[in-house]
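Notes follow the structure.
Only the coordinates and a few stated rules stand behind these numbers; no lab work does. Computed from a predicted model, the values in this text were never measured in an experiment. For neighbour counting, all protein chains shown are included, and Cβ atoms are generated from backbone atoms with ideal geometry for every residue, glycine included.
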Amino acid sequence: MRPGNTLKVKGKIPADSVGFSINLGCSSRDLALHFNPRFNESVIVCNSKFSNCWQTEYRDRHLSFYRGSTVKFFIEMLSDKFRVKLPDGHEVYFPNRHGYHKINYVNIHGGLKMISFRLS
Ligand code: GAL
């Protein structure tokens with residue numbers, strides 16, 4: 001994934017999901033974007049990780065993901081930030097803190113059953 005690319009994600013959120021995360025970076029220890037909707041806290045947490053240490057969290061209370069629903073959302077990489085377009089069109093921005101030009105690590109964790117995942 002490079003600046004200009006978009007990840008299109010479609011998935012089903014199980015009724016008992018407490019949350020899920022999509023992690024983009026170089027490795028599990030170095031993440032440019034940890035995108036983490038949490039149903040138990042009604043918040044979307046975004047963060048980055050550097051040398052296995054979490055950095056400063058950004059929290060957005062606009063949680064337009066619902067347990068039991070099928071969702072479609074987009075993560076676009078721009079040169080200096082990521083833009084996540086939520087199912088209702090709301091956008092969440094998170095800076096590309098490490099200045100990565102390329103993402104070669106993706107991990108999806110927790111309560112989201114992937115239906116499709118496409119990079120364009
Ligand atoms: C921690 C949590 C991690 C990650 C991080 C984000 O509390 O254990 O999984 O979500 O927050 O800042």
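Points to keep in mind about this one:
- The chain - convex hull of the alpha-carbon atoms, volume per residue in Å³: 89
- Electrostatic bookkeeping for residue 54 treats Lys and Arg as +1 and Asp and Glu as -1; over the other residues with beta carbon under 14 Å from its beta carbon, the sum is +2.
- Of the trypsin sites (Lys or Arg not before Pro) found in region 11-88, the ones in coil according to DSSP and having at most 14 other Cβ atoms within 10 Å of their Cβ are 29, 61, 67.
- For the chain, the number of Lys pairs with C-alpha atoms closer than 23 Å, counting only pairs eight or more positions apart or on separate chains, is 23.
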